[in-house]
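Undergrad: Just dropping this structure here.
The values are calculated or read from the model by the stated rules, or taken from the named source; none is laboratory data. Being a predicted model, the structure only gives us computed values, none of them experimental. We place every Cβ from the backbone using ideal geometry, glycine too, and count neighbours over all the protein chains shown. We work out accessible area using only protein heavy atoms, side chains counted, and drop any ligands, DNA or RNA first. Shrake-Rupley method; radii C 1.70, N 1.55, O 1.52, S 1.80 Å.
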Amino acid sequence: MKIMKTTFGIAVITLTLFAGLVGRGEAITLGLPDISFDSSQGNGQDLFTTQGVHYDASTGNLAVSAAALAITFDGVNSTALTNGTVDYRVDLLSASSSGGVVTGLFGTDGVAGADLVVADSSGVLLTGDFLTYTLNGVIGTNLGTGEAVFIVTGGSLASFYSGNNGGMVNLTFNVAPAFSSVTFAKNFDGEVKGDVAPVPEPASLLLLGSGLIGLGVWGRKKFAGAI
């Protein structure tokens with residue numbers, strides 16, 4: 001009886017924790033490459049802008065050039081990248097403010113070539129085109145957060161993303177001037193750090209959840225006769 005309860009409990013707890021992570025929008029590595037970057041730690045290849053975050057209100061273009069710092073495949077053990085770089089650009093689609101937060105919704109810039117280029121000394125690791133990119137700024141402060149989803153279009157790590165979209169998570173911004181209700185009507189500059197990470201397919205999450213539930217059911221049936 002104790003064994004049956006333990007098996008079923010593990011399955012339920014694991015599924016609950018997994019669902020909680022997805023609900024909070026956090027990165028779930030699942031053995032795929034997670035690349036951390038920070039514009040304050042160095043610049044990218046300056047493909048679309050000079051180092052840091054630059055927003056041009058006349059065009060609505062947000063461009064970033066940052067240092068790619070490290071890569072991990074298990075969410076725990078990271079390997080430093082040599083001359084790692086992250087460069088990307090997106091165009092403003094709409095802006096709004098509510099509850100003390102100003103929000104900019106961005107998408108692909110529509111220019112030929114990838115919106116995102118991640119590279120290191122070995123060559124191009126990842127390229128992609130953005131589907132969505134959200135920047136939320138706390139009005140009256142220099143601090144903001146964000147997240148994004150992009151389609152993987154190439155790079156030596158592209159095969160790891162087969163059937164998966166790429167994403168940007170844990171994005172934190174520090175910009176000047178401070179965020180206001182009209183932030184996206186004016187130019188601003190700053191720094192950003194975050195992670196370029198895989199975004200699991202909904203089908204993958206469903207299969208994993210079904211498998212864990214099945215494990216619990218199997219455990220109940222297998223040990224029911226033992227009590």
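Undergrad: Output the residues belonging to the stretch 173-186 that are assigned to a loop (DSSP other than H, G, I, E, B) and over 13 Å from Gly104 (Cα atoms).
TA: Hits for the stretch 173-186 are Pro177, Ala178.
Undergrad: Continuing with this model, one more query. State yes or no: is Ala112 in contact with a Gly (Cβ under 7 Å, 6 or more places away or on another chain) and modelled with pLDDT under 95?
TA: no
Undergrad: Could you check the stretch 168-210 and list, in sequence order, the residues that are modelled with pLDDT of 95 or more, crowded, with 19+ Cβ neighbours inside 10 Å and over 14 Å from Ser39 (Cβ atoms)?
TA: Phe179, Thr183, Phe184
Undergrad: Just to be sure before I move on: is Asp129 touching an Asp or Glu at 6+ places or on another chain (Cβ under 6 Å), outside any strand (DSSP E or B) and touching a residue at least 24 places away in the same chain (Cβ under 8 Å) in the structure I sent?
TA: It is false that Asp129 is touching an Asp or Glu at 6+ places or on another chain (Cβ under 6 Å), outside any strand (DSSP E or B) and touching a residue at least 24 places away in the same chain (Cβ under 8 Å).
Undergrad: Hey, does the stretch 135-152 have a residue that's modelled with pLDDT of 95 or more, touching a helix residue (DSSP H, G or I) at 6+ places or on another chain (Cβ under 9 Å), outside any helix (DSSP H, G or I) and open to solvent by 70 Å² or more (accessible area, probe 1.4 Å)?
TA: no
Undergrad: Any residue in the stretch 163-177 that is more than 26 Å from Leu126 (Cα to Cα) and in contact (Cβ under 8 Å) with a residue 60 or more places away in the chain?
TA: Within the stretch 163-177, one or more residues are more than 26 Å from Leu126 (Cα to Cα) and in contact (Cβ under 8 Å) with a residue 60 or more places away in the chain.
Undergrad: Before we move on, is Val90 under 27 Å from Ser162 (Cβ atoms) and touching a Leu at 6+ places or on another chain (Cβ under 7 Å)?
TA: It is true that Val90 is under 27 Å from Ser162 (Cβ atoms) and touching a Leu at 6+ places or on another chain (Cβ under 7 Å).
Undergrad: Another one. With the requirement that a residue be among the small types (Gly, Ala, Ser), over 19 Å from Phe188 (Cβ atoms), at pLDDT 95 or above and touching a strand residue (DSSP E or B) at 6+ places or on another chain (Cβ under 9 Å), what does the stretch 48-100 give you?
TA: Ala67, Ala68, Ala70, Ala80, Gly84
Undergrad: In addition: Just for the stretch 102-126: of the residues that are in a strand (DSSP E or B) and open to solvent by 50 Å² or more (accessible area, probe 1.4 Å), which one is farthest from Gly31 (Cα to Cα)?
TA: Across the stretch 102-126, the extreme among qualifying residues is Leu105.
Undergrad: Still on this structure, I have one more. Mind listing whichever residues of the stretch 153-172 are assigned to a strand (DSSP E or B) and of a type in the set (S, T, N, Q)?
TA: Thr153, Asn165, Asn170, Thr172
Undergrad: If you go through the stretch 52-97 one residue at a time, how many are open to solvent by 50 Å² or more (accessible area, probe 1.4 Å), assigned to a loop (DSSP other than H, G, I, E, B) and within 22 Å of Asn136 (Cβ to Cβ)?
TA: So the count comes out to 1.
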